[in-house]
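The values are calculated or read from the model by the stated rules, or taken from the named source; none is laboratory data. All values derive from a computational prediction rather than experimental measurement. A quick note on method: Cβ atoms are made from the backbone with ideal geometry, for glycine too, and the neighbour counts reach across all protein chains shown. Side chains included, ligands, DNA and RNA excluded: accessible areas come from the protein's heavy atoms. Shrake-Rupley method; radii C 1.70, N 1.55, O 1.52, S 1.80 Å.
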Amino acid sequence: MKRKQIAAANWKMNLTLSEGKKLLDTLIGQSLLLNDNQEVIIGVPFPYLIAFKPELDNCSGFFIGAQNVAATPNGAFTGEVSATMLNDLKVKYVIIGHSERRLYFSETSAILSEKVNRALENELIPIFCCGESLEIREAGTQNQFVENQIIDGLFHLSPMQISKLIIAYEPIWAIGTGKTATSDQVQAMHEVIRNIIASQYGTDIAQEISILYGGSVKASNAKEIFNKPDVDGGLVGGASLIALEFSEIIKALKR
Ligand code: PGA
């Protein structure tokens, strides 16, 4: 089975509704032809999910995604959005464990593993993020660090459950910094991630899971990174806010 090749946009807390609409109109206006193996996910702020879903539904291979989900099923949690609500809106994807959530909102592996559970219970596909800080990279302990993030966040899942996931490797030192990991550094870590999954769940499952790279992906570097054997696309922040830049990134996906 061929792995899905995915370009996922992470708008973060950017763009007004009308700016977002303009961006999507321009992106969709490019008439990008995706093959059966390729997908584009647009991760928007919660209030835009309902607004933009119909337009994306009309576009083959394009999907809307949320950027976060509550760890608890429902109840008195002011300001939270539950997986049940996202499922009710027919949202398919949700980003979980982005380093900004881990860092600024104190999301621990224990919380993230609950978020993954809520997502899977509600037929949402998690895009589970992992990645090390500059300090850890400089100390040379990045492989162990990322392995632990995967073990702590995901290894409670059954083989069937984990095979549904998308993983995004996002070294913190490359996010929003303009500093991209080299394609060899990316490939090396993606291999580490695939191997740790294989060690627990077997090679077949590890080979099925799409692993995206995130961190200053741009039109100019996407092709080289995406061409690496264990890289199945990207999770893109800054460059996803520019329609023509993001459309070039989509075109750089393996076919
Ligand atoms: P960036 O962000 O592309 O702006 O580096 C990526 C991300 O945080 O998902």
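Taking every protein chain into account, the 1.4 Å probe leaves GLU19 with about 90 Å² of accessible area, to the nearest ten.
Would you mind checking segment 74-89 for residues with the amide N under 20 Å from a putative spin-label position 7 Å along Cα→C-beta of MET13? Within reach of a label on MET13: 77-82.
With a ≥ b ≥ c the root eigenvalues of the C-alpha gyration tensor of segment 52-109, is it rounded (a/c under 1.5), prolate (a/b larger than b/c) or oblate? Can you show the working numbers first?
Working: a/c = 3.04, a/b = 1.58, b/c = 1.92.
Judged from the Cα gyration tensor, segment 52-109 comes out oblate (a/c at least 1.5, b/c at or above a/b).
Measuring between their Cα centroids, segment 141-189 and segment 38-54 lie 24 Å from each other. Please find the FRET efficiency linking ASP36 to LEU89, where r is the Cβ-Cβ separation and R0 is fixed at 35 Å, and quote it to the nearest 0.05. Efficiency for this residue pair is about 0.90. Run a plain Debye calculation on segment 77-143 (Cα atoms as equal point scatterers, no solvent) and give log10 I(q)/I(0) at q = 0.16, 0.21, 0.25 Å⁻¹, rounded to two decimals, same order as the q list. Cα-only, vacuum Debye calculation for segment 77-143: -0.60, -0.89, -1.12. Prolate is the label for segment 171-215, because the ratio a/c of its alpha-carbon gyration tensor axes (a ≥ b ≥ c) is 1.5 or higher and a/b is greater than b/c.
Put ILE50, ILE205 in order of accessible area, largest first, 1.4 Å probe: what do you get?
Working: ILE50 115, ILE205 25 Å².
Result, largest first: ILE50, ILE205.
Please say if segment 6-60 is rounded, prolate or oblate, where rounded means a/c under 1.5 for a ≥ b ≥ c the square roots of the C-alpha gyration tensor eigenvalues, and otherwise the choice is prolate for a/b larger than b/c and oblate otherwise? In terms of gyration-tensor shape, prolate. The accessible area of ARG255, taken with all protein chains in place and a 1.4 Å probe, comes to roughly 150 Å².
Return the FRET efficiency for the residue pair ILE50, PHE155: r is the Cβ-Cβ distance, R0 is 45 Å, and the value is rounded to the nearest 0.05. Numbers along the way, then the final one.
Numbers: r = 35 Å, r/R0 = 0.77.
Calculated transfer efficiency: 0.85.
Among the listed pairs LYS164/LYS218; LYS21/LYS251; LYS12/LYS223; LYS22/LYS164; LYS22/LYS115; LYS22/LYS228, those with a Cα-Cα distance over 29 Å are LYS22/LYS164; LYS22/LYS115; LYS22/LYS228. Simple spin-label estimate for ASN195 and SER220 gives 3.3 nm between the two label positions (7 Å along the Cα-to-Cβ direction from each Cα). If you sort LEU253, LEU134 by accessible surface, 1.4 Å probe, largest first, the order is LEU134, LEU253.
Ordered by solvent-accessible area of protein heavy atoms (1.4 Å probe), largest first, the residues LEU33, LEU49 come out as LEU33, LEU49.
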